[in-house]
1. Can you sort 172, 67 so the residue with the fewest Cβ neighbours within 10 Å comes first?
2. Among (i) 23.9, 71; (ii) 20.8, 65; (iii) 18.6, 59, which is the computed Rg and Dmax of the Cα atoms in Å?
3. Mean Kyte-Doolittle of at least 1.6 plus a Cα span of 27 Å or more along the axis: flag which DSSP H helices in the chain meet both, please.
4. Determine, for 101, 62, the number of other Cβ atoms within 10 Å of each Cβ, and report the residues in order from fewest to most.
5. Assign one of three labels to the stretch 173-292, namely rounded, prolate or oblate, based on the Cα gyration tensor with a ≥ b ≥ c the square roots of its eigenvalues; rounded applies when a/c is under 1.5, prolate when it is not and a/b is larger than b/c, and oblate otherwise.
6. Excluding residues on the same chain fewer than 8 positions from residue 69, give the lysines whose Cα lies under 19 Å from its Cα.
7. Of all trypsin sites (Lys or Arg not before Pro) in the stretch 190-256, which ones are in loop regions per DSSP and have a Cβ with at most 12 other Cβ atoms within 10 Å?
8. Taking a cut-off of 27 Å between Cα atoms, list the lysines near residue 261, but don't count ones fewer than 8 places away on the same chain.
Amino acid sequence: MEKYYKPSGKFSLIFILYFFLVSVTAFPVLGLIYAYCIWYIPFVYINFFITLGFGFLIGFVVALFVIKKGKVRNPLLGFFIGLTAAFLALYLHWAIWIDLVINAGESYGSDRIGITVSNIEFLQVFSLIFRPDLVLEYISQVNENGTWGIRGATASGAFLWVVWSIEFIIVITISGFLSYLEAKKPFSESTNSWYEEITLPALSYIEDQQQMIADIVASNHTSFDLLSKDIDSEVDSHSVFTLYKSKSGKNYLSVDNKTSKVDDKGNVKFDSDEIVEYIAINSELSKLLLNK
């Protein structure tokens with residue numbers, strides 16, 4: 001048995017069907033929500049987190065419905081699918097957002113902060129989607145004049161291109177990365193199914209990481225016997241074990257250390273340190289972990 005899991009690189013062409021389905025259902029909805037949020041929330045910092053959420057939701061949908069159901073176990077292909085999905089969802093968002101610009105009405109607020117009332121016309125959006133040349137033309141026009149500003153100054157020109165480029169990079173990177181990670185997960189070729197993923201209750205922090213890896217390789221229980229579940233995972237540093245089980249009889253394990261730290265506001269946060277990923281373990285060790 002190999003020491004670590006390696007994806008086979010295979011995939012099922014059914015993923016194309018799933019990609020098409022999410023492209024005509026989930027992506028237009030996400031693009032619509034994102035466009036309205038960006039249009040009606042006049043706070044740049046909040047919009048940054050909305051952009052992060054948009055990229056995450058695209059990646060989540062692709063990972064769950066395209067990679068997982070499509071049985072894509074080729075990480076590079078998964079990454080490419082995630083990039084393509086993000087590009088498509090962003091394009092749909094742009095078509096919707098441009099329609100909001102076209103139908104912009106009354107503005108309310110001050111020079112420093114305000115909103116402009118607008119709503120889309122579905123037939124107009126539908127026609128824009130099939131006219132990428134027109135969408136690009138409108139984007140260029142918006143860039144020249146701008147539609148929003150910071151501290152009373154309208155964002156336009158090179159600065160606005162930079163902002164849009166950052167938005168683009170954020171969304172496609174998150175979506176591609178999440179899809180890549182999903183395609184890396186253990187898949188049983190013999191049963192043609194994904195491994196069952198079980199995140200075990202938090203255990204005590206692992207001080208000697210190299211010894212833990214050595215014990216896993218040697219199927220030695222010593223390091224595991226020293227671990228305790230008598231911790232508060234909300235505030236204490238701890239370890240997280242994720243077990244991957246299959247009917248084929250092979251099992252894999254990923255282990256992370258979560259180091260607790262307190263920020264300037266007194267909030268507890270955790271730094272994640274991956275100790276080992278997808279290392280093969282025997283059934284005896286699997287049972288020990290499940291009973292821990």
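1. Values: 172 21, 67 31.
Placing the least packed residue first, the sequence is 172, 67.
2. (i)
3. Membrane-span-like by this rule: 75-102.
4. Working: 101 16, 62 32.
Exposure proxy ranking, most exposed first: 101, 62.
5. Numbers: a/c = 2.20, a/b = 1.26, b/c = 1.75.
It is oblate, given that a/c is not under 1.5 and a/b is not larger than b/c.
6. 10, 184, 185, 245, 247
7. Details: sites: 229, 245, 247, 250; in loops: 229, 247, 250.
Passing both the DSSP loop test and the Cβ count: 229, 247.
8. Of all the lysines, those that pass the test against residue 261 - Cα under 27 Å, at least 8 places apart if same chain - are 229, 269, 292.
Coordinate-derived values only; no laboratory data. It should be emphasised that the depicted structure is a prediction, and the values quoted were computed from it without experimental measurement. Note: ideal-geometry Cβ built from the backbone for every residue, glycine included; neighbour counts use all protein chains shown.
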